[in-house]
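Heads up: the structure comes next, in structure tokens.
Read-outs throughout are calculated quantities, based only on the coordinates presented, and are distinct from any laboratory measurement. As the structure is a prediction and not an experimental result, all values here were calculated from the model. For neighbour counting, all protein chains shown are included, and Cβ atoms are generated from backbone atoms with ideal geometry for every residue, glycine included.
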Amino acid sequence: MKNHLISILIPFKNTSVFLPECIESVISQNYQNWEIIAIDDHSSDNSKIILEHYSSADTRIKVHTNKGEGIISALRTAYNLSKGELITRMDSDDIMNPNKLKILASGLEKHGKGHVAIGGVQYFSDRGISNGYERYERWLNKLTSRGANYSEIYKECVIPSPCWMVHKKDLEDCGAFEHNRYPEDYDLTFRFYEMGLQCIPCNDILHLWRDYDTRTSRTSEHYAQNYFLHLKLYYYLKLHHDKSRPLTVWGAGNKGKSVARDLIKHKIPFYWLCDNPKKIGKNIYGQELRHFDYLHKLKKPKSIVTVANEEAQELIKNFFMNLGQYPMIDYFFFC
């Protein structure tokens with residue numbers, strides 16, 4: 001395979017306890033033509049000192065300070081300094097499996113531009129992994145094994161933030177890190193989807209994803225559920241909304257209410273459906289909740305489904321199938 005330079009973008013902030021293991025996992029890669037662009041997001045511990053120590057011993061490792069503040073600005077700074085033809089991102093508290101760079105780069109060489117290479121992920125933690133993370137890992141890896149990641153893009157982020165690689169030109173065409181929308185990894189995934197970058201199937205576990213109480217995705221407000229819902233609706237309205245077809249929202253729990261509020265705010269008409277007899281007929285935010293059978297009365301409806309229960313989702317899928325409607329065309333699961 002060709003020996004393309006790979007730029008590894010690593011934002012970091014106060015991860016000194018994990019950084020040596022992270023950087024050593026890059027140094028140990030069986031693909032060696034890489035550069036690390038590590039951006040210090042104003043750490044208050046000795047993270048930067050650790051990176052500078054590695055940089056003094058290996059010129060492929062470059063350390064800079066974030067020109068702004070926050071992970072998006074750090075990624076933008078790193079990207080603007082990158083020289084590689086292939087771009088990937090790495091979290092400073094995680095670990096690469098030794099063949100990660102080689103497998104991702106090989107996938108891009110085989111399939112060419114217009115593709116995004118993705119690898120399987122595995123969570124690990126000193127205290128064990130929660131059932132929620134186990135389910136997410138299993139779901140994500142199943143999609144990745146088939147390259148079918150976009151098929152459920154409105155449920156959750158379908159491309160793991162620290163385990164993708166693309167040609168620099170493709171990333172540039174997608175807007176790279178110029179956008180300021182959070183969660184930034186999910187926003188980038190939607191832009192890959194919008195630009196038509198095809199996902200390359202992969203069955204290999206390439207990335208070890210560390211979980212702990214103070215990781216950014218657990219502590220930052222930018223990764224709260226309302227940010228995910230706002231982002232999903234933003235891209236649904238941009239990419240899939242059809243004003244000529246009636247829109248329905250199925251579900252009146254917290255997520256359904258959040259979507260309803262946003263649609264009302266944007267003055268987008270919709271029908272609100274549910275299967276809870278205690279809510280049917282009630283008026284919330286000036287909208288009457290109707291039984292889901294109301295779909296039969298609508299001509300070619302498009303639906304946003306906010307029901308999270310997996311058994312209920314199967315029943316809902318069967319209901320849509322009997323209507324002759326299809327996922328990602330006529331209905332979209334938001335959870």
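Table for the structure above
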quantity	calculated
Per-pair calculated FRET efficiency, R0 = 22 Å: Arg127 and His42 via Cβ, rounded to 0.05	0.20
Distance-filtered residues of the stretch 251-293 - backbone nitrogen under 14 Å, label point 7 angstrom along His240 Cα→Cβ	none
Segment Lys282-Gln313, extension gain: residue separation times 0.36 nm, minus the distance between their alpha carbons	8.9 nm
Extended-chain gain in nm, criterion 0.36 nm per residue less alpha-carbon gap, Ser151 and Glu69	26.2 nm
Cβ-Cβ FRET estimate between Glu134 and Val17, R0 fixed at 22 Å, reported to 0.05	0.35
Stokes-Einstein D for the stretch 225-333, Kirkwood Rh over Cα pairs, 20 °C, 1.002 mPa s (µm²/s)	153 µm²/s
For the chain, diffusion coefficient by Stokes-Einstein and Kirkwood Rh (Cα), 25 °C, 0.890 mPa s, µm²/s	115 µm²/s
Cα pair distances in the stretch 95-137, grouped into 10 Å bins until the bin that holds the longest one, percent each	23, 37, 27, 12, 0
Euclidean distance of C-alpha centroids, the stretch 236-260 and the stretch 53-99, integer Å	38 Å
Gain on full stretching of the segment that runs from Lys83 to Ile27 - 0.36 nm per residue minus C-alpha separation	18.3 nm
